[in-house]
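Q: Pasting a structure below so you can have a look.
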Amino acid sequence: MKKGLILDLDGVICDTAKFHFEAWKHLAAEYHYSLTEADNEALKGVSRADSLTFILKQANHSISPEQFTSDLNRKNKWYLSLVEEMDQSFLLHGVFDFFSKAKELNMPLALGSASKNAKLVLEKVGLLNHFNAIVDANLVTNGKPNPETFLKAAELINIPPNQCIVFEDSVSGIEAAISGNMYAVGIGNASDLPKANICIPDLGKFDFNTLTL
Ligand code: B16
Ligand code: MG
């Protein structure tokens, strides 16, 4: 019987990926590189610093360590100016239904996000107080695909990893869930997330009978 629900943020609860994309595109243009949709897909679930390393490689561009830090900060400022506009209308389809069903069944809920801005985003969409635990990039040393984010979340809600279900939209996040010995529900297409145990289009399509697996 599965008892703990661990949710990724970007791409599962709300669509902040488009804001990350805007901000990274702005920066990549300074390196004379035009960031593609495929690049954006590859950056899902990837930490801020690893994302910049990936973009520099794609752009075949190098910068000093000082510039690296400064560019990370500038990207984050652009991103936050977009997040500022967010409210409940930015929640993805099915989130409300999922939360009310989880509450009804008294299931512990944790967030497991690679974002350092997770609490701010949750506050913007009105969900900050709806989790039993929040694990973001400020709390872990090793980002996804390392399982640390989800293992920490399981620990904080006091549920063994093999009794947890992780909801993830990124390849790195699904890998993290599987290597953490958790049941991985992919949000998106099975062709994009082949390692997921099952895939559904959004949280609202989750069949809570899966919990008996
Ligand atoms: P930040 P998630 C991830 O969030 C995003 O998918 C990824 O694109 C982003 O680079 C990462 O957070 C870091 O975000 O710059 O806000 O710290 O999907 O793990 O909730
Ligand atoms: Mg995500």
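Q: Consider only pairs whose beta carbons are under 6 Å apart and that are at least six residues apart or on different chains; among these, list those whose first residue lies in region 117-131 and is without any contact (Cβ under 8 Å) to a residue 60 or more places away in the chain and whose second residue is within 13 Å of ligand 1 (Cβ to nearest atom) and in a helix (DSSP H, G or I).
A: Between residues of region 117-131 that are without any contact (Cβ under 8 Å) to a residue 60 or more places away in the chain and residues that are within 13 Å of ligand 1 (Cβ to nearest atom) and in a helix (DSSP H, G or I), the close pairs are L128/L122.
Q: As an exercise: evaluate A110 against (1) open to solvent by 30 Å² or more (accessible area, probe 1.4 Å); (2) small (G, A, S); (3) within 16 Å of ligand 1 (Cβ to nearest atom) and give the number of the one condition it does not meet.
A: (1)
Q: Also, quick follow-up: Quick check: anything in region 51-74 part of a helix (DSSP H, G or I) and either at pLDDT below 95 or under 14 Å from the mean Cα position of the chain (by Cα) (or both)? Talk me through it step by step, then tell me what you get.
A: From region 51-74, those part of a helix (DSSP H, G or I) are 51-59, 65-74; that's our starting set.
Filter again for either at pLDDT below 95 or under 14 Å from the mean Cα position of the chain (by Cα) (or both), leaving 51.
Within region 51-74, one or more residues are part of a helix (DSSP H, G or I) and either at pLDDT below 95 or under 14 Å from the mean Cα position of the chain (by Cα) (or both).
Q: Has region 8-16 got at least one residue that is without any contact (Cβ under 8 Å) to a residue 40 or more places away in the chain and open to solvent by 40 Å² or more (accessible area, probe 1.4 Å)?
A: Within region 8-16 (the criterion being without any contact (Cβ under 8 Å) to a residue 40 or more places away in the chain and open to solvent by 40 Å² or more (accessible area, probe 1.4 Å)), the answer is no, since none of the residues qualifies.
Q: I'm trying to understand the selection: among the residues of region 187-213, which are surrounded by fewer than 24 Cβ atoms within 10 Å (Cβ to Cβ) and under 13 Å from D8 (Cβ atoms)?
A: Across region 187-213, the qualifying residues are G188, L193, D202.
Q: For residues that are within 15 Å of the chain's Cα centre (by Cα) and aromatic (F, W, Y), tally how many sit in region 156-207.
A: Selection size over region 156-207: 1.
Q: Just to be sure before I move on: is L92 away from ligand 1 (no atom under 11 Å from the Cβ), in the same structural domain as K144 (by TED's automatic domain parsing), at pLDDT 95 or above and touching an Asp or Glu at 6+ places or on another chain (Cβ under 9 Å) in the structure I sent?
A: yes
Q: Conditions first: (1) in a loop (DSSP other than H, G, I, E, B); (2) within 15 Å of ligand 1 (Cβ to nearest atom); (3) surrounded by fewer than 14 Cβ atoms within 10 Å (Cβ to Cβ). L35 passes all but one, so which condition is the exception?
A: (3) is the only condition that L35 fails.
Q: List the number of the failed condition for W24; all other conditions in (1) touching a residue at least 12 places away in the same chain (Cβ under 8 Å); (2) outside the structural domain of F167 (by TED's automatic domain parsing); (3) not in a helix (DSSP H, G or I) hold.
A: Checking W24 against (1) touching a residue at least 12 places away in the same chain (Cβ under 8 Å); (2) outside the structural domain of F167 (by TED's automatic domain parsing); (3) not in a helix (DSSP H, G or I), the one that fails is (3).
Q: Look at region 170-186 and say how many of its residues are under 17 Å from L109 (Cβ atoms) and open to solvent by 20 Å² or more (accessible area, probe 1.4 Å).
A: Counting residues in region 170-186 that are under 17 Å from L109 (Cβ atoms) and open to solvent by 20 Å² or more (accessible area, probe 1.4 Å) gives 1.
The values are calculated or read from the model by the stated rules, or taken from the named source; none is laboratory data. Just so it is clear, the model here is predicted, and its values are computed rather than measured. No Cβ is skipped: glycine too gets one built from the backbone with ideal geometry, and neighbour counts run over all protein chains shown. Calculation scope for accessible area: heavy atoms of the full protein, side chains included, ligands and nucleic acids excluded. Shrake-Rupley method; radii C 1.70, N 1.55, O 1.52, S 1.80 Å.
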